[in-house]
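In what follows, a single structure is set out as structure tokens and then discussed.
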Amino acid sequence: MSNSLTEYRFSFGPWNIHEGADPFGPPVRESFSFDEKVDFYRNLGFVGIQFHDDDVVPDIDNKTHSEIISQTRSVKSQLDNHGLVTEVVAPRLWESPLTIDGAFTSNSADERQYAIERSKRCIDIANELECRNFVLWLAREGTYIRESKSSAEAVGQILDAINVLLDYNPEIRILIEPKPNEPMDIAYIPTIGHAIGLAYRSTDPDRVGGLIESAHAILAGLEPSDEMGYALHHKKLWSVHLNDQNGLKFDQDKAFGSANIRRAFNQVRVLEENGYGRNGEFVGLDVKVMRTQPREISTKHLLSSRKTFLNLLEKVRTLDKKIEQEYIAARDYEGLDFYILEHLLGTL
Ligand code: GLO
Ligand code: MG
């Protein structure tokens with residue numbers, strides 16, 4: 001690794017600028033069009049864009065293959081004009097009436113086949129966008145009640161689907177985004193450990209890795225920086241969705257660092273210390289703005305999350321390693337704990 005400092009590149013998805021609907025209330029802000037959203041990126045300090053397949057091709061299930069390709073090409077030239085790069089593309093496998101019972105693990109063979117075909121179309125879109133990163137958030141791969149499916153069989157179905165997709169396009173890399181619950185009661189691939197286990201069992205382990213979202217790790221009762229460290233050790237951390245989460249409740253997608261600044265610091269630290277970003281990985285966000293936010297200022301959560309990352313990066317880079325090592329050598333972790341707090345608060 002060279003000594004030069006990593007210059008991080010940031011990304012978010014168009015769904016991160018949204019209308020404020022929640023399960024108990026309707027939208028509270030007018031939508032921004034796709035074109036308006038694309039216009040925001042550079043001004044907010046972002047060069048990477050994350051996509052769902054139908055962010056690129058709305059109504060994808062009713063489009064022919066050539067319509068899908070031509071629509072994707074027009075989005076590609078729009079991105080080129082704005083100097084934007086596609087970081088990831090993900091098939092939205094959780095909204096169709098054909099994925100009510102799950103996608104790759106539905107109890108219906110026809111529905112499982114739909115999920116595979118839809119994923120292949122998504123890979124075609126990624127290909128046109130010159131993007132190798134295909135994200136699988138396995139939203140409905142689980143069940144509300146254990147008795148309705150076989151978990152052992154479900155894992156095999158997910159693995160079979162991964163193998164089919166690896167075979168479909170030899171360039172694509174599959175990034176599994178684990179999440180322990182929501183919308184399902186309990187998911188079959190809840191953590192990065194589960195995802196990496198599947199990667200090694202696939203037909204091309206070098207092309208299967210992970211994307212870790214902070215909130216998802218927290219919802220699993222785990223420490224996000226340790227989850228990242230686990231994937232980094234395996235050289236399988238290919239993207240992140242940084243955000244924050246206030247305890248074990250619904251998936252909040254709060255601005256990065258807004259619930260627990262120390263936990264955010266440790267995520268930046270593990271990324272920085274393990275060379276994340278040096279092979280082109282983006283610092284991805286997956287953050288929701290508060291429902292209370294007026295429309296004209298409903299991108300502040302993106303600005304603040306990026307800035308918090310950079311502020312914490314400065315804290316990581318200016319931590320006195322010598323002092324840190326002295327505390328560790330003396331096994332004075334109380335001293336180290338307080339040193340970190342004072343450093344973060346700027347009270348040293
Ligand atoms: C939901 C997920 C979701 C994914 C996105 C990309 O909890 O975090 O936002 O990240 O759909 O697949
Ligand atoms: Mg996410």
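Here is the list for region 130-170: chymotrypsin sites (Phe, Trp or Tyr not before Pro) lying in DSSP coil, each with at most 16 other C-beta atoms within 10 angstrom of its C-beta, are Tyr144. Let a ≥ b ≥ c be the square roots of the eigenvalues of the Cα gyration tensor of region 37-78; is it rounded (a/c under 1.5), or, if not, prolate (a/b larger than b/c) or oblate? Cα axes put region 37-78 in the prolate bin. Couplings for region 226-232, taken from phi via the Karplus curve 6.51 cos²θ - 1.76 cosθ + 1.60 with θ = phi - 60°, read 6, 4, 5, x, 4, 5, 5 Hz in order; Gly and Pro are left as x. Take the chain and mark each of the GluC sites (Glu not before Pro) that is in a DSSP loop with at most 16 other Cβ atoms within 10 Å; the longest unmarked stretch, sites excluded, is 172-348. Output the pairs from Lys179/Lys235; Lys235/Lys321; Lys120/Lys307 with a Cα-Cα distance over 31 Å in this structure; if there are none, say none. Violating the 31 Å Cα-Cα cut-off are Lys120/Lys307. Exposed loop sites, defined as trypsin sites (Lys or Arg not before Pro) outside DSSP H, G, I, E and B with at most 13 other Cβ atoms within 10 Å, are absent from the longest region of the chain, namely 1-234.
Inter-part distance, region 311-348 to region 6-35, computed on C-alpha centroids, equals 36 Å. Placing +1 on the Cβ of every Lys and Arg and -1 on the Cβ of every Asp and Glu, with no other charges, gives the chain a dipole of roughly 600 debye about its Cα centre. Taking Cα atoms only, the orientation of helix 109-128 departs from the longest principal axis of the chain by about 60 degrees.
Helix 300-318 and the long axis of the chain differ in direction by around 40°, with both axes built from C-alpha atoms.
Of the chymotrypsin sites (Phe, Trp or Tyr not before Pro) found in region 205-273, those that fall in a DSSP loop while having at most 15 other beta-carbon atoms within 10 Å are Phe250.
Judged by the ratio a/c of the largest to the smallest principal axis of the C-alpha gyration tensor, region 1-86 counts as oblate, that ratio being 1.5 or greater while a/b is no larger than b/c. Compared with the dominant Cα axis of the chain, that is its longest principal axis, helix 333-345 is turned about 80°.
From the Cα gyration tensor of region 10-319, with a ≥ b ≥ c the square roots of its eigenvalues, which class applies: rounded if a/c is under 1.5, or else prolate if a/b is larger than b/c, or else oblate?
Taking the square roots of the gyration eigenvalues as a ≥ b ≥ c, region 10-319 is rounded.
Every number here is computed from the coordinates shown, using simple stated rules; none is lab data. None of these values were measured; they are calculated from a predicted model. Reconstructed Cβ throughout: ideal geometry from the backbone, glycine too, with neighbour counts over all protein chains shown.
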